[in-house]
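**Student:** This is the structure I want to talk about, given as structure tokens.
Rule-based calculations on the coordinates, nothing more; no lab input. Keep in mind that this is a model prediction, so the values were computed, not measured. Cβ coordinates were reconstructed from backbone atoms using ideal geometry, including for glycine residues, and neighbour counts include every protein chain displayed.
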Amino acid sequence: MARNPENWLGQELAAGRYKVTAKLGEGGMGFIYKAHDGNLDTDVVIKVPRLSMLVERQFAQRFTRELRSLVNLSHPHIVKIIDVGQQDKIPFAVMQYLSGGDLADRLQDGRVSPDSLSAWLPEIAGALDFVHEEGYVHRDIKPGNILFDKQGHAYLSDFGVAKVVSEEADSKQSQGLTGTGMVIGTQGYMPLEMLLGQSVDGRADQFALAVVVYEALSGSRPFAGDTAAECAISMNTTTPVPLYEVDAGIPLALSRTVQRGLSTQPQERFDRCELFSGQVLAAASGETTSTTNSSSQRRASFSRTQYSPAASSGTPSSPARVMK
């Protein structure tokens, strides 16, 4: 029986199809396991929400239904959802297993050279723009959610689970409820508008992507703080140390591009993550590009992911598929 999702090691799920072989980690959204798929004779990842998410009776059904709707949302650099199911009324998602580790592993030895960004940044930026064009926001971009296959290709992870869990948290917040353990996003990577509970669009993910780039090049995150309040105060009262001051070998143009992505004002960031990525890589290689966005471009880029002020109460603006 697999009743407690905190310890599914050795359990068999889906009538024995999946045998859990290792616990890979846990976070605010739940628990992550490696399992062997007996039908396909391959390794997969099992993701299970925390028990605190299951207090609401309909959550398990909604979790399964929503993830099923994302199975066909396919992109070459987004970790694919393979299957969804329930075990003892606890829902779980089955995802593609990638053996190349994550970006957090690659950053353990400290900062990296600007040239190394080309190995993952354009692929992740493209995946994020795809997500945004489909009307969604990831909301938990961080090194641990950027994975690699054995050939070194980069993949965006946790999109489907982030979607469902964030909607549940938004629902509880709108009802005045406190979701114990429901931390949507990761401190240090969330933009000010998310920390303040304001409406968000794809530029929230771009901010987090800029934080990851800054961290990769400097060895530390740009804003200090262990709690949402501390991070918000840091963003309101301090400016990140420019990358060219951290490392004199980092081009001024690269430093300025990352600084723009880190703006606390969403309208000051780039229209698309691929624009941010392209200018980062161009600056890293010594090229110069224009960083000007027209207002018409900005409106077009975010027309499908923009939220009205009512979004903070759980009511997004059209289209209906947009997620906070």
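**Student:** Given labels modelled 7 Å from the Cα in the Cβ direction, how far is it in nm from Ala228 to Asn72?
**Tutor:** Roughly 3.5 nm, to one decimal.
**Student:** Sorted by packing (mean other beta-carbon atoms within 10 Å per residue), highest first, where do 111-121, 207-217, 235-245, 128-138 land?
**Tutor:** The densest-packed peptide leads the list: 207-217, 128-138, 111-121, 235-245.
**Student:** Can you figure out the FRET efficiency of Glu26 with Ala282, using R₀ = 30 Å and their beta-carbon distance, to the nearest 0.05?
**Tutor:** Working: r = 38 Å, r/R0 = 1.28.
Computed FRET efficiency for Glu26 and Ala282 comes out at 0.20.
**Student:** Taking θ as phi - 60°, what are the ³J(HN,Hα) couplings along region 262-275 by the Karplus curve (6.51, -1.76, 1.60), each to the nearest whole Hz, with x for Gly and Pro?
**Tutor:** So the J values, rounded to whole Hz, are 8, 4, 6, 9, x, 5, 8, 7, 6, 5, 9, 5, 5, 5.
**Student:** Further question: Label Arg256 and Lys150 with points 7 Å out from Cα along Cα→Cβ: what is the distance between them in nm?
**Tutor:** About 4.5 nm, to one decimal.
**Student:** Would you mind computing, in nm to one decimal, how far apart the modelled labels at Tyr244 and Gln86 are, each placed 7 Å from Cα along Cα→Cβ?
**Tutor:** For Tyr244 paired with Gln86, the spin-label model returns 5.8 nm.
**Student:** Could you name the aspartates and glutamates in cross-link range of Lys89, using Cα to Cα under 13 Å and dropping any fewer than eight places away on the same chain?
**Tutor:** Filter leaves Glu56.
**Student:** Let me ask something else about it. Show me 88-98, 32-42 ranked by packing, highest mean number of other Cβ atoms within 10 Å first.
**Tutor:** On the way: 88-98: 20.1, 32-42: 15.5.
Final packing ranking: 88-98, 32-42.
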